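Student: Once you've had a glance at the structure underneath, I'll fire off some questions.
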Amino acid sequence: MDIDRLATNGDGAGAAEEMDLERPFLRRSSSGSRRRRTAGETPLGSPSRRPSFRQEMGHAAAETYLITRLTLVLLRYLGVGSRWITKFLALGFYALLLMPGFIQVGYYYFFSNQVRRSVIYGEQPRNRLDLYLPVNGSTPKPVVAFVTGGAWIIGYKAWGALLGRRLAERDVIVACIDYRNFPQGTISDMIKDASQGISFVCDNIVNYGGDPNRIHLMGQSAGAHIAACVLVDQALREHQGENTSWSVSQIKTYFGLSGGYNLFDLVDHVHRRGLYRSIFLSIMEGEQSLQRFSPELTVQDQSFHPAIIRLPQIILFHGTGDYSIPSTASENFATALRSVGAQVKLILYEGKTHTDLFLQDPLRGGRDDLLEDVVAVIHAGDAVALAKDTTAPKARRLVPEWQLKLAREISSKKL
């Protein structure tokens, strides 16, 4: 197989069929009380009617308030020394450079008829998810349940808006799952919330035009870690005969994007990057819990081996230029999974950073390697969808190239 091509063979179908799940792929790249619903929120399990303009504005204000509060919480826990002042100035400049794209994606998020925001999936304050729906709803669509990143502290469902938009344009429904962040919750709460969100998707996505037999799970950065924890925990529970609200068998694929799966390897690395060891250990419920919440170690534990067969195919994506979470994190997880007989595929994007794959590349427009690789897997076996993929128009550019290059420099060195 030509390693420079995965999703764009002439007939489309052959690309996904040729995926060798045994070898790495190197992409050559140029508290529980009920809350009152706020404006724009959708009740459990019911497709929403379009909210009024007043509700839209109320929701926008609520979203802005939440993002501001998350930033203040982060400052409180990280302190306001010169190191973090520098980081936040860099983050502000980074966001300013990408603002032309953020404005356009934000307009889509708040005003598109194809977005259902803040669908309630549980009773906790952050138990909400956003749905991105394809324009053509004539047939049931494949689904991606997506867990966003954010260093376990500033994760938010709206961070998945760009991915949701791009996949919806390719006839895929995306459910971006929100969850409690630290200090509102610790890793156990995050895993519980994400699992409950996945359960909601499995049980209710048919009401939104989704195909319950074609549900995929995806996570990015911290979200990849949380989603992987959910997956292995669910497989073990099922093996032990526990009653569960959803089954791993309902998940066709797990996509892990730029994730970290061994907390022992991460604790010192993220400390050097600015997420201090004491805070990281608080998020992960103490040093004694690092093994429990390390999927790479869990799958190698003898007690987990009988549950391996329950796992879906696992595809790990990572950029080799990622300094936030090194690509060795995905490489080591792939090796661990392969050693116990799991189906795993590792796709490395040469030179790509932590933000390239998730932000800069989609904002650049044109061909997006990550998007094409994901869509090739989702549409595998669907001749009609694969044929449409070969003629799909390229995404338009949202940010000028010089701004993207400068933003990349800032994100790789300062953030």
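Student: Within the bounds of the range 346-368, is there any residue that is farther than 24 Å from Ser412 by Cα and either open to solvent by less than 20 Å² (accessible area, probe 1.4 Å) or at pLDDT 95 or above (or both)?
Tutor: Going through the range 346-368, the residues farther than 24 Å from Ser412 by Cα turn out to be none.
No, the conditions are met nowhere in the range 346-368.
Student: Just to be sure I understand the filter: pairs with C-beta atoms under 8 Å, separated by 6 or more residues or on different chains, first member in the range 276-291 and under 17 Å from Cys229 (Cβ atoms), second member small (Gly, Ala, Ser) and open to solvent by less than 80 Å² (accessible area, probe 1.4 Å). Which pairs pass?
Tutor: Partner pairs satisfying both residue conditions: Glu285/Ser188.
Student: Let me ask something else about it. Taking interchain pairs and intrachain pairs at least six residues apart, which have beta carbon atoms under 8 angstrom, with the first residue in the range 96-114 and farther than 17 Å from Lys157 by Cβ and the second among the basic types (Lys, Arg)?
Tutor: So the pair list comes out as Asn113/Arg50.
Student: Please specify each residue of the range 222-234 satisfying the condition of being among the small types (Gly, Ala, Ser) and either touching a strand residue (DSSP E or B) at 6+ places or on another chain (Cβ under 7 Å) or over 21 Å from Tyr179 (Cα atoms) (or both). Reasoning before the result, please.
Tutor: Kept after step one, since they are among the small types (Gly, Ala, Ser), are these residues of the range 222-234: 222-224, 227-228.
Once the filter is applied, which keeps residues that are among the small types (Gly, Ala, Ser) and either touching a strand residue (DSSP E or B) at 6+ places or on another chain (Cβ under 7 Å) or over 21 Å from Tyr179 (Cα atoms) (or both), the range 222-234 yields Gly223, Ala224, Ala227, Ala228.
Student: Return the residues of the range 158-172 that are acidic (Asp, Glu) and surrounded by fewer than 22 Cβ atoms within 10 Å (Cβ to Cβ); say none if nothing qualifies. Write out each step before concluding.
Tutor: First, pick out the residues of the range 158-172 that are acidic (Asp, Glu): 169, 171.
The one that is acidic (Asp, Glu) and surrounded by fewer than 22 Cβ atoms within 10 Å (Cβ to Cβ): Glu169.
Student: So the check is Cβ under 7 Å with 6+ separation or different chains; which pairs have a first residue in the range 124-138 that's among the polar types (S, T, N, Q) and a second one that's modelled with pLDDT of 90 or more?
Tutor: So the pair list comes out as Gln124/Arg180; Gln124/Asp193; Asn127/Ile120; Asn127/Tyr121; Asn127/Asp193; Asn127/Gln196; Asn136/Asp171.
Student: Kindly provide the set of residues from the range 359-382 that are in contact with a Gly (Cβ under 8 Å, 6 or more places away or on another chain) and within 23 Å of Lys252 (Cα to Cα), ordered by number.
Tutor: Passing the criteria: Ala376, His379.
Student: Search the range 88-119 for residues being in contact with a helix residue (DSSP H, G or I) (Cβ under 9 Å, 6 or more places away or on another chain) and part of a loop (DSSP other than H, G, I, E, B), and hand back the single one that is least open to solvent (accessible area, probe 1.4 Å).
Tutor: Leu98
Student: What residue, among those in the range 103-117 that are at pLDDT 95 or above and hydrophobic (A, V, I, L, M, F, W, C), is farthest from Arg273 (Cα to Cα)?
Tutor: Going through the qualifying residues, I end up with Val115.
Student: While we're here: Kindly indicate the residue of the range 255-292 that is small (Gly, Ala, Ser) and under 19 Å from Gly321 (Cα atoms) and also surrounded by the fewest Cβ atoms within 10 Å (Cβ to Cβ) among those meeting that condition.
Tutor: Within the range 255-292, the subset small (Gly, Ala, Ser) is 256, 258-260, 274, 278, 282, 286, 289.
Keeping just the survivors that are under 19 Å from Gly321 (Cα atoms) gives 256, 258-260, 274.
Numbers: Gly256: 30, Ser258: 31, Gly259: 26, Gly260: 28, Gly274: 15.
For the range 255-292, the residue satisfying everything is Gly274.
Student: Run down Ile191, Ile154 and say which single residue is surrounded by fewer than 21 Cβ atoms within 10 Å (Cβ to Cβ) and among the β-branched types (Val, Ile, Thr).
Tutor: Working: Ile191 fails: surrounded by fewer than 21 Cβ atoms within 10 Å (Cβ to Cβ).
From the options Ile191, Ile154, the qualifying one is Ile154.
Student: Still on this structure, I have one more. Within the group Val374, Val340, which residue is under 23 Å from Phe146 (Cα atoms) and either buried (at least 19 other Cβ atoms within 10 Å of the Cβ) or not aromatic (Phe, Trp, Tyr) (or both)? Outline the logic, then answer.
Tutor: Details: Val340 fails: under 23 Å from Phe146 (Cα atoms).
When all the criteria are applied, what remains is Val374.
Student: Are any residues in the range 250-278 hydroxyl-bearing (Ser, Thr, Tyr) and modelled with pLDDT of 95 or more, and if so, which ones?
Tutor: Within the range 250-278, the first condition is being hydroxyl-bearing (Ser, Thr, Tyr), and the residues that meet it are 253-254, 258, 261, 276, 278.
Hits for the range 250-278 are Thr253, Tyr254, Ser258, Tyr261.
Student: Please determine, by comparing only the residues of the range 293-332 that are open to solvent by 30 Å² or more (accessible area, probe 1.4 Å) and among the charged types (D, E, K, R), which one is farthest from Ser282 (Cα to Cα).
Tutor: Of everything passing the filter in the range 293-332, Arg310 is farthest from Ser282 (Cα to Cα).
The values are calculated or read from the model by the stated rules, or taken from the named source; none is laboratory data. Everything numeric here is computed off the predicted structure, so don't read it as measured data. Note that each Cβ is placed from the backbone with ideal geometry, even for glycine, and that neighbours are counted across all protein chains shown. The protein model used for the area step is the full one, side chains on, heavy atoms only, and it has no ligands, DNA or RNA in it. Shrake-Rupley method; radii C 1.70, N 1.55, O 1.52, S 1.80 Å.
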